[in-house]
Amino acid sequence: MRSDDSIIREIAKLEGVTKEQIKKGLNSGKIAIPYNKVHSPIHPIAIGAGMRTKVNANIGTSKEFNSLSMELEKVDVCLKNKADAIMDLSVGGDLDEIRQAIINASTVPVGTVPIYQAAIEAGGVEKMTADIMFKVIEKHAASGVDFMTVHCGVTRSLVMGLSKKKRVMDIVSRGGAFLFKWISEKNRENPLYEEYDRLLEIVKKYGVTLSLGDGMRPGCTADAGDALQIGELKVLSTLARRARTAGVQVIIEGPGHVPLDKIEEQIKLEKKVCNGAPFYVLGPLPTDIAPGWDHLTSAIGGSIAAAAGADFLCYVTPSEHLGLPGLMDVKNGIIASRIAAHIGDMVKGVKGAKEWDLKMSMARKALDWKRQIELAIDPATAAEVRDMRAAREQTDTCTMCGEFCAMKLVSQSKKKKRK
């Protein structure tokens, strides 16, 4: 097991900041380091103020597709394409075996949503008890999970409010829907909210970071920013404060589907309401009409969110809204979100972001194709495209311009003038 100081020292070096800056962020709750003492070896990451915007990749089985070997291939794709974290959202197959295999294979933090397994083990959502929920949470923590989504903000009052307010899509969060059904049918308060101190005691023992889930997040742009979403955010703010007091790290989860002109204000609202807690957003997607292309929709929204202060982007794949993602979907989702995160980092002034772009520009001017490929966010794809499209005779240019390459023409002209 590594010491806290060792972890902070490694992160400071990777981020290009001081240890004091990270410690200050941890103490204020503006930075979180998801790191379970049971999960080793792991490359720890810092999420929050002043840090590089991180990217999470969701994987996991369904009842229809529950191949452990496939999920481990997805882990490999995640690591090769530099996802900063992985979430196992499995609901099919042997959940304990799948989760443990993913944790063992991953050298980046792993997250889960324990309520899924609680419902399955209970034999149905309505059959869950508080004890089953907390038993599964402790099982996940003990197995090495670094951060977990818990929908503590889906309170009885918000559930009652949903039946009175018009929403186009009601609830799209699976965990949020589980708790809506449980609360509605039992007419009782959410145990994760009512017994929050019990939750804090479990996760603190293992060093698990709480990712306070947004069960009331908008599932379409028409529902963005409504009273239910904001009401839950206020609940999460109170719970985040209680977690900090108890010595538990917290991340706040956010939307979802948000119109382009509303993304910045929603990020700033979360930062204000939750006292600068790290913000973890799904996308967000600024339009609902792009199934099959939602990794691009997500990248558009994610870049604006990151620039406005979002700290952690959950990728969206081309399969979002259509089905379980395959290997190429996972890669495309990661690369799209990494591009969005980098664009945001350039705006936020994260160390090294603008310098990366400058190095690429210099390599392009020099027609240094090898260096361009090395600097690409996806070198394998860049090399593949270059090999397919390289000029047959003029290998220092490409097939778009050939002898009329702007870089080459200007460079030749300047050389002649100097002579």
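Okay, residues lined up against (1) assigned to a loop (DSSP other than H, G, I, E, B); (2) under 18 Å from GLU264 (Cβ atoms); (3) assigned by TED's automatic domain parsing to the domain that holds GLU265:
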position: THR287; (1), (2), (3): yes, yes, yes
position: PRO291; (1), (2), (3): yes, no, yes
position: LEU296; (1), (2), (3): no, no, yes
position: GLY302; (1), (2), (3): no, yes, yes
position: THR317; (1), (2), (3): yes, no, yes
position: HIS321; (1), (2), (3): yes, no, yes
**OP:** Answer with yes or no whether ARG244 is surrounded by fewer than 18 Cβ atoms within 10 Å (Cβ to Cβ), assigned by TED's automatic domain parsing to the domain that holds VAL154, among the basic types (Lys, Arg) and more than 22 Å from the chain's Cα centre (by Cα).
**Re:** no
Subject >> Which numbered condition ALA32 misses (of (1) in contact (Cβ under 8 Å) with a residue 60 or more places away in the chain; (2) over 22 Å from the mean Cα position of the chain (by Cα)) >> reply: (2)
Original post:
Can you name the number of the only condition in (1) surrounded by fewer than 16 Cβ atoms within 10 Å (Cβ to Cβ); (2) within 23 Å of ILE86 (Cα to Cα); (3) not β-branched (Val, Ile, Thr) that ALA227 fails?
Top reply: (2)
Original post:
From VAL77, VAL145, VAL136, which residue is within 17 Å of the chain's Cα centre (by Cα) and either of a type in the set (Lys, Arg) or part of a helix (DSSP H, G or I) (or both)?
Top reply: VAL77
**OP:** Specify which of the listed residues (GLU384, GLU355, GLU403) is farther than 30 Å from LEU285 by Cα, assigned to a helix (DSSP H, G or I), out of contact with any strand residue (DSSP E or B) (no Cβ under 7 Å at 6 or more places or on another chain) and among the acidic types (Asp, Glu).
**Re:** GLU403
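Residues are listed down the side, and each one gets a yes or a no for (1) closer than 25 Å to PRO218 by Cβ; (2) buried (at least 16 other Cβ atoms within 10 Å of the Cβ):
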site: LEU89; (1), (2): yes, yes
site: THR112; (1), (2): yes, yes
site: GLN117; (1), (2): no, yes
site: PHE134; (1), (2): no, yes
site: GLY153; (1), (2): yes, yes
site: GLY176; (1), (2): yes, yes
site: SER184; (1), (2): yes, no
site: GLU201; (1), (2): no, no
Original post:
Which one of these is under 23 Å from SER237 (Cβ atoms), free of Cβ contacts under 8 Å to residues at least 12 places away in the same chain and over 12 Å from the mean Cα position of the chain (by Cα): LYS272, LYS268?
Top reply: LYS272
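The values are calculated or read from the model by the stated rules, or taken from the named source; none is laboratory data. None of these values were measured; they are calculated from a predicted model. So basically every Cβ, Gly included, is an ideal-geometry build from the backbone, and we count neighbours across all protein chains shown.
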